[in-house]
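Okay, so here's the structure we're looking at.
We did not get these values from a lab; they are worked out from the coordinates using the rules stated. Every value quoted in this text rests on a predicted model; they were computed, and no experiment measured them. Cβ: placed from backbone, ideal geometry, glycine included. Neighbour counts: every protein chain shown.
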Amino acid sequence: SAVISQKPSRDICQRGTSLTIQCQVDSQVTMMFWYRQQPGQSLTLIATANQGSEATYESGFVIDKFPISRPNLTFSTLTVSNMSPEDSSIYLCSVRGGSYEQYFGPGTRLTVT
Amino acid sequence: SQELEQSPQSLIVQEGKNLTINCTSSKTLYGLYWYKQKYGEGLIFLMMLQKGGEEKSHEKITAKLDEKKQQSSLHITASQPSHAGIYLCGAERNTDKLIFGTGTRLQVFP
């Protein structure tokens with residue numbers, strides 16, 4: 001299994017500002033994913049981040065709004081830019097293990113006022 | 001419509017009772033994942049099923065994937081308050097990405 005940590009665990013931000021969320025894994029992984037969970041909803045994939053290549057974004061998500069970095073095999077960041085109240089969600093990073101199991105971090109709860 | 005349907009949406013059971021949660025897809029699945037989420041927190045990996053007819057158990061939780069690989073069930077035996085939370089099924093198609101069901105909110109009362 002993989003142990004994943006995220007920072008910050010929660011934050012309250014003003015609209016128009018940006019927040020960078022960090023994801024750290026205790027082992028090297030090729031594939032990392034970023035998900036969003038809006039209040040009362042299920043998870044939606046934002047993008048896939050592979051080390052050494054540009055992140056691949058899902059329909060409805062763009063790099064200008066959610067820039068992602070993946071500098072090495074154990075770390076990634078997701079930035080939520082120019083935030084609005086609609087961005088209030090839990091943001092989760094996830095990794096695929098060697099046996100195809102997929103693990104999730106504890107999440108970052110973001111509230112935009 | 002949702003690609004992955006879960007039922008029921010919510011469940012309230014008395015401690016000690018058995019319960020079943022279903023996850024149905026209109027398409028064949030390459031993999032089916034079950035997670036538990038405490039309210040407002042991250043997802044706890046429960047089990048992954050890949051083969052048609054596969055069944056896995058962990059403590060009092062058993063998950064099955066049907067032969068056609070389009071439906072999975074999660075069964076909890078002798079439920080306890082610690083089982084309360086939101087149960088999510090995630091499906092892998094022909095990529096490495098997971099899509100998620102709508103979730104089942106489980107409450108267990110003494």
Given (1) over 11 Å from the mean Cα position of the chain (by Cα); (2) surrounded by 14 or more Cβ atoms within 10 Å (Cβ to Cβ); (3) under 25 Å from B:Gly101 (Cα atoms); (4) touching a residue at least 60 places away in the same chain (Cβ under 8 Å), number of the condition A:Asp11 does not satisfy: (3)
Any residue in segment B:22-40 that is within 13 Å of chain A (Cβ to nearest Cβ) sitting within a Cβ distance under 8 Å of a residue that is among the aromatic types (Phe, Trp, Tyr) and exposed (fewer than 14 other Cβ atoms within 10 Å of the Cβ)? List the pairs, counting only those 6 or more apart or interchain. B:Gly31/A:Tyr100
From the list B:Ser79, B:Ser73, which residue is farther than 30 Å from A:Ser5 by Cβ and not in a loop (DSSP other than H, G, I, E, B)? B:Ser73
The residue that is nearest to the other protein chains (Cβ to nearest Cβ), considering only those in segment A:6-26 that are touching a strand residue (DSSP E or B) at 6+ places or on another chain (Cβ under 8 Å) and in a loop (DSSP other than H, G, I, E, B), is A:Ser9
Which residues, taken from segment A:90-113, are on the phi > 0 side of the Ramachandran plot and either of a type in the set (Gly, Ala, Ser) or more than 9 Å from chain B (Cβ to nearest Cβ) (or both)? A:Gly107
Given the condition within 23 Å of B:Gly101 (Cβ to Cβ) and out of contact with any helix residue (DSSP H, G or I) (no Cβ under 7 Å at 6 or more places or on another chain), answer yes or no: does some residue in segment A:22-32 qualify? yes
Looking at segment B:41-60 only, could you name the residues that are farther than 30 Å from A:Asp11 by Cβ, under 15 Å from the mean Cα position of the chain (by Cα) and touching a residue at least 12 places away in the same chain (Cβ under 8 Å)? B:Met47, B:Met48, B:Leu49, B:Gln50, B:His58, B:Lys60
Scanning for something charged (D, E, K, R) and away from every other protein chain (no Cβ under 12 Å), does segment A:27-43 turn up at least one residue? no
Please count how many residues of segment A:48-80 are in contact with a strand residue (DSSP E or B) (Cβ under 7 Å, 6 or more places away or on another chain) and either touching a residue at least 24 places away in the same chain (Cβ under 8 Å) or among the β-branched types (Val, Ile, Thr) (or both). 14
Could you tell me which residue of segment A:80-89 is farthest from the other protein chains (Cβ to nearest Cβ), considering only residues that are surrounded by 15 or more Cβ atoms within 10 Å (Cβ to Cβ) and more than 18 Å from B:Leu43 (Cα to Cα)? A:Ser81
Of all residues in segment B:89-106, which are farther than 24 Å from A:Thr30 by Cα, part of a strand (DSSP E or B) and within 13 Å of chain A (Cβ to nearest Cβ)? B:Thr104, B:Arg105
Matching residues in segment A:32-49 - criterion: being over 20 Å from A:Ile12 (Cα atoms) and surrounded by 17 or more Cβ atoms within 10 Å (Cβ to Cβ): A:Met32, A:Phe33, A:Ser42, A:Leu43, A:Leu45, A:Ile46, A:Ala47, A:Thr48, A:Ala49
Could you list, in sequence order, the residues of segment B:66-85 that are buried (at least 21 other Cβ atoms within 10 Å of the Cβ) and either closer than 27 Å to A:Gln38 by Cα or within 14 Å of chain A (Cβ to nearest Cβ) (or both)? B:Ser72, B:Leu74
Some residue of segment B:2-19 being acidic (Asp, Glu), part of a loop (DSSP other than H, G, I, E, B) and under 14 Å from the mean Cα position of the chain (by Cα): no
Answer yes or no as to whether A:Val3 is surrounded by 12 or more Cβ atoms within 10 Å (Cβ to Cβ) and within 13 Å of chain B (Cβ to nearest Cβ). no
